[in-house]
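Data block below; observations after.
The values are calculated or read from the model by the stated rules, or taken from the named source; none is laboratory data. It should be emphasised that the depicted structure is a prediction, and the values quoted were computed from it without experimental measurement. Cβ: placed from backbone, ideal geometry, glycine included. Neighbour counts: every protein chain shown.
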């Protein structure tokens, strides 16, 4: 597995960057972050201790459904589903259809590398 590169940028900076990409004025470099957070606080909420433990559990046990993951983690399926959807939004997890219309969670990265500038 590879490492997800994430960055911290204000909403305004991220919007300007996205618009420049859309207009063809800027082409992101291969080694630039793929996912952006507005603050370290928002990053720390997504990568909380509990969420990192959940990602480790998925990698180690490879559950075949959310129900199986709920049993292994001791968390309610509804809570687990919300958490995984949020992690999926950032590209950390994929929820793929499995047998009997069950969703199968898969972790996409082995870790996260943070890029943060002290300049604007």
So, in the stretch 28-42, of the ones that are part of a loop (DSSP other than H, G, I, E, B) and touching a strand residue (DSSP E or B) at 6+ places or on another chain (Cβ under 8 Å), which residue ends up surrounded by the most Cβ atoms within 10 Å (Cβ to Cβ)?
33
The stretch 14-27 - residue that is surrounded by 12 or more Cβ atoms within 10 Å (Cβ to Cβ) and closer than 20 Å to residue 89 by Cα and, of those, modelled with the lowest pLDDT:
14
Name the pairs: first residue in the stretch 17-30 and on the phi < 0 side of the Ramachandran plot, second residue outside any helix (DSSP H, G or I), Cβ to Cβ under 8 Å, at least 6 apart or on different chains?
17/9; 17/26; 20/26; 21/27; 21/28
Among 45, 60, 50, which is part of a helix (DSSP H, G or I), within 15 Å of the chain's Cα centre (by Cα) and exposed (fewer than 12 other Cβ atoms within 10 Å of the Cβ)?
50
Mind telling me which of the residues 80, 87, 4 ends up being assigned to a helix (DSSP H, G or I), on the phi < 0 side of the Ramachandran plot and out of contact with any helix residue (DSSP H, G or I) (no Cβ under 6 Å at 6 or more places or on another chain)?
87
Check whether at least one residue in the stretch 44-52 is touching a strand residue (DSSP E or B) at 6+ places or on another chain (Cβ under 8 Å), within 16 Å of residue 114 (Cα to Cα) and at pLDDT 90 or above, and report yes or no.
yes
